[in-house]
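Enquirer: The structure is given below, and queries will be raised subsequently.
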Amino acid sequence: MTSPQTAHPSWTLSGFGDEIDPDPLVQTAVLAALGARFIEVRSAWSTNVVDFDDDRVVRLRRVLDDSGFAVSAVASPIGKVDVALDADHEVQRLRRVIRVAHALDATYVRVFSFFRGEGVPVESTRDDVMRRMRLLADEAEREGVVLLHENEKDIYGDTPERVLDLVESVGSPALRLAWDNANFVQVGVKPYTDGYRMLRPYVDYLQVKDALAVDGTVVPAGDGDGELRETLTALRDDGYTGFASLEPHLAAGFALGGFSGPASFGRAARAFRALTDELGIEVR
């Protein structure tokens, strides 16, 4: 676990650009108005990163350079498929995403640990999940990127215990964790109480959203049951100095992501800033 480095740690603000608008010009303009100079890239011009061709990558890189933005992470959909698919399926898709990451000078690539068919017990998928995640980690190690596993609901790693099993069993320096409070709430977990101390040694990245325990509705940071205040306080005290990436999901959620729009995205950013200001955390 990271030891405290400063009494007033500084975190770097980022956000899922496609939560704002399909057009990266609009995405960067809104993020800049909120004080950010980093963006998390999941899609651009309504095309997911896994489907980017070379021309789209060059075009996006030009927009980001002209706007003075860098990329905090490439938010890929890798591992957001049924574990019954051939193992090489996601390796090939990851290779395409890593080419995008290199072109955008991004070190982090978000991944997931596989869905399963209806009625299939999660325990029965463990070995297949581990083999696939090891293959993905091997690819990341060779290519010099770091995979960030997100605790999405209904994948193998959706509870703290299975996330820990995953990261420790794979045992790769190229597999780390993106922490998402809202996703834990949506599977009946109290994020800070049930998972923080267990998983903190592996957490490299914070995705900012909150949710209500009663029905899983996503709400601005601090308005739900995601124990955001407790989590942010602990990260502050642990000396966390990484990214805080806004992923509000305030207007819609769907298989490969969510949407908020500029106004709701701004509301989510202000809610997060209110918490960090209260806790003495500098966000830049």
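Enquirer: Sort through Asp194, Asp204, Asp277 and tell me the only one that's outside any loop (DSSP other than H, G, I, E, B), without any contact (Cβ under 8 Å) to a residue 40 or more places away in the chain and within 30 Å of Val145 (Cα to Cα).
Expert: Asp194
Enquirer: Can you confirm whether the range 147-164 contains a residue that is part of a helix (DSSP H, G or I), touching a strand residue (DSSP E or B) at 6+ places or on another chain (Cβ under 9 Å) and on the phi < 0 side of the Ramachandran plot?
Expert: Yes, the range 147-164 contains at least one residue that is part of a helix (DSSP H, G or I), touching a strand residue (DSSP E or B) at 6+ places or on another chain (Cβ under 9 Å) and on the phi < 0 side of the Ramachandran plot.
Enquirer: Still on this model: Answer yes or no: is there a residue in the range 230-241 that is under 19 Å from Thr12 (Cα atoms), in contact with a strand residue (DSSP E or B) (Cβ under 6 Å, 6 or more places away or on another chain) and buried (at least 17 other Cβ atoms within 10 Å of the Cβ).
Expert: No.
Enquirer: Could you check the range 84-131 and list, in sequence order, the residues that are more than 14 Å from Ile155 (Cα to Cα) and hydroxyl-bearing (Ser, Thr, Tyr)?
Expert: Thr107, Tyr108 - these are the residues of the range 84-131 that are more than 14 Å from Ile155 (Cα to Cα) and hydroxyl-bearing (Ser, Thr, Tyr).
Enquirer: Looking at Ser14, is it farther than 27 Å from Leu279 by Cα, within 19 Å of the chain's Cα centre (by Cα) and of a type in the set (S, T, N, Q)?
Expert: no
Enquirer: Quick one: how many residues across the range 29-49 are within 18 Å of Ala101 (Cα to Cα) and either buried (at least 19 other Cβ atoms within 10 Å of the Cβ) or among the aromatic types (Phe, Trp, Tyr) (or both)?
Expert: The total comes to 9.
Enquirer: Moving on. Looking at the structure I just gave you, is His102 surrounded by fewer than 16 Cβ atoms within 10 Å (Cβ to Cβ) and within 23 Å of Thr28 (Cβ to Cβ)?
Expert: For His102, the condition - surrounded by fewer than 16 Cβ atoms within 10 Å (Cβ to Cβ) and within 23 Å of Thr28 (Cβ to Cβ) - is met.
Enquirer: Another question, then. Can you find even one residue in the range 112-121 that is surrounded by fewer than 22 Cβ atoms within 10 Å (Cβ to Cβ), at pLDDT 95 or above and either part of a helix (DSSP H, G or I) or among the basic types (Lys, Arg) (or both)?
Expert: Within the range 112-121 (the criterion being surrounded by fewer than 22 Cβ atoms within 10 Å (Cβ to Cβ), at pLDDT 95 or above and either part of a helix (DSSP H, G or I) or among the basic types (Lys, Arg) (or both)), the answer is yes, since at least one residue qualifies.
Enquirer: For Leu60, are the conditions met, namely being more than 14 Å from Leu135 (Cβ to Cβ) and not β-branched (Val, Ile, Thr)?
Expert: yes
The values are calculated or read from the model by the stated rules, or taken from the named source; none is laboratory data. Not measured: the values here are computed from a predicted model. All Cβ positions, glycine included, derive from the backbone under ideal geometry; neighbour counts span all protein chains shown.
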